[in-house]
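The values are calculated or read from the model by the stated rules, or taken from the named source; none is laboratory data. From a predicted model like this one, the values you see are computed outputs, not experimental measurements. Quick reminder, even Gly has a Cβ in these numbers, built from the backbone with ideal geometry, and neighbours come from all protein chains shown. Just so you know, the surface numbers come from the protein's heavy atoms only, side chains and all, with ligands and any DNA or RNA stripped out. Shrake-Rupley method; radii C 1.70, N 1.55, O 1.52, S 1.80 Å.
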Amino acid sequence: MNDSTGKFWKQPVIYLLVLLTGATVALIGDRTLLKTSPVSAENSTQQKLDRSLIGISPKSSNSEDTQTVQNAVAFAPKDENFIAAAVQKVGPAVVRIDSARQVRSRSRNNSPSPEDFFGLEPPSGRERVERGTGSGFIISADGQILTNAHVVDGADTVNVILKDGRSFEGKVLGEDPITDVAVVKIEAEKLPTVTLGNSDRLLPGEWAIAIGNPLGLDNSVTAGIISATGRSSREVGVPDKRIGFIQTDAAINPGNSGGPLLNAAGEVIGMNTAIISGAQGLGFAIPINNAQEIAQQLITTGKAEHAYLGIEMATLTPEVKQLINRDPSSKIRVNVNEGILINGVIPNSPAAKAGFRPGDVIQKINNQPMTKSEDVQKLVQNTKVGALLQVEVNRNGKLINVEVRPGNLPLQQR
């Protein structure tokens, strides 16, 4: 009885010791793996998640997939709260601009008002104060501020309010309605400034952060992405401007005008300027490289130069060719299917002096093929006033070369 009882207790104890030993070995093995493996369990899980998000099977381990994951991580912002970091970096240099101007109300020749009936309105009309609010950002520690021209256009007074609450009277150094860029100066020292990025390197899909004072809500921040670059003024709905706009889906509202558009690093890549009424997710900004170039001219001379030829043009297609050639009232006949058709030449313009004629079809400028009217506009606006351009045109089926020097766009055409 004692022997059987002893055997009865000994066998379960042995089994229990075996189980405990195995568990201990397994635990030690796990700890060893965690210590020796270059990737932690948490990182491994995150890497699987990263792979699944970009369409790679977690089981895949080939070098191409590994490189894809590394590239995805490399282009992602390192700081999880990078938007807040960018705002903390730039926010102190973003200002509010309040402007006011005296405007004359309609005269008595317009629709009557109660004052008209009682003879209370003077014949020349009454004057009233029109106020506006916009944004801007400080580009120099001594008080130079970049903003939109329409924010300060015609202003009698300009008041600049800093984020810390200080208020300064601003002086408009210059404004350029063609690009909607203006520079305001305040008398102050050691001001916080922004860091300018490179708008020529922007790619659709990059982060975009907007800071400004929309609808009077100071220091508002919105974020999105760069939706597109190089949007023409015609596409944006402001054909009188000469800018290839940045398109973004970061929310932009009235009052954001003149504020900075930032990248993930907190660098200014654009100046918010326009929205399309009634649209959502469609905001536009002036590339900072263009804004900076115009700003330097305004600071130096108080005005900006814009090269122009003085032609009315349209992109030529086979369909446009047929319409023109079938129109009995048209004095123009076209012999080619592609190029830039000159519809008209402004008298006394550089194009008129160079000998351009309606019906000429531009094929190349400085040996660069021209296929869209936007190509010509972009090339000319990036040319210095007075620089020589070699233009190849098709005139009545013959190729000829015309030399032209762009002039400065006259004020009455701005």
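Remarks
- Looking at ILE269, ILE299, ILE294, ILE324, just one residue is outside any loop (DSSP other than H, G, I, E, B), out of contact with any helix residue (DSSP H, G or I) (no Cβ under 8 Å at 6 or more places or on another chain) and crowded, with 24+ Cβ neighbours inside 10 Å, and that residue is ILE294.
- Residues of the stretch 358-374 that turn out to be of a type outside the set (Asp, Glu), over 33 Å from the mean Cα position of the chain (by Cα) and crowded, with 16+ Cβ neighbours inside 10 Å, as a count: 1
- Filtered residues of the stretch 122-175 (kept if touching a residue at least 40 places away in the same chain (Cβ under 8 Å), farther than 20 Å from ALA93 by Cβ and open to solvent by 70 Å² or more (accessible area, probe 1.4 Å)): HIS150, ASP156, THR157
- Of everything listed in (1) touching a His at 6+ places or on another chain (Cβ under 9 Å); (2) under 27 Å from ALA265 (Cα atoms), the single unmet condition for ILE225 is (1).
- The C-beta contact set for the stretch 317-342 (first residue more than 16 Å from ARG395 (Cα to Cα), second residue open to solvent by 50 Å² or more (accessible area, probe 1.4 Å), distance under 6 angstrom, 6+ apart or interchain) comprises PRO318/ASN337.
- Restricting the search to strands (runs of 3 or more DSSP E) fully inside the stretch 91-195 and requiring at least 1 residues that are among the basic types (Lys, Arg) and at pLDDT 95 or above gives 94-104, 171-176, 181-185.
- Residue in the stretch 211-224 that is farther than 24 Å from ILE83 by Cβ and not hydroxyl-bearing (Ser, Thr, Tyr) present: no
- Out of ASN343, ASN401, one residue alone is part of a strand (DSSP E or B), under 21 Å from ARG234 (Cβ atoms) and not small (Gly, Ala, Ser). It is ASN343.
- Count of the stretch 225-252 residues which are open to solvent by less than 40 Å² (accessible area, probe 1.4 Å) and in a helix (DSSP H, G or I): 2
- Number of residues in the stretch 373-398 that are outside any strand (DSSP E or B) and among the aliphatic types (A, V, I, L, M) equals 6.
- Looking across the stretch 176-196, the residues that are surrounded by fewer than 16 Cβ atoms within 10 Å (Cβ to Cβ) and more than 24 Å from the chain's Cα centre (by Cα) come down to GLU187, ALA188, GLU189, LYS190.
- Residues of the stretch 341-357 that turn out to be within 31 Å of the chain's Cα centre (by Cα) and either open to solvent by 90 Å² or more (accessible area, probe 1.4 Å) or farther than 23 Å from ILE178 by Cα (or both), as a count: 1
- ILE346 touching a Pro at 6+ places or on another chain (Cβ under 9 Å) and among the hydrophobic types (A, V, I, L, M, F, W, C): no
- Considering residues of the stretch 375-410 that are of a type in the set (Lys, Arg) and open to solvent by 50 Å² or more (accessible area, probe 1.4 Å) only, the residue nearest to ILE362 (Cα to Cα): LYS398
- Every test in (1) under 16 Å from the mean Cα position of the chain (by Cα); (2) within 26 Å of VAL160 (Cα to Cα); (3) in a helix (DSSP H, G or I) is passed by THR222 save one, and that test is (3).
- Considering residues of the stretch 279-291 that are buried (at least 22 other Cβ atoms within 10 Å of the Cβ) and of a type in the set (A, V, I, L, M, F, W, C) only, the residue nearest to the chain's Cα centre (by Cα): ALA285
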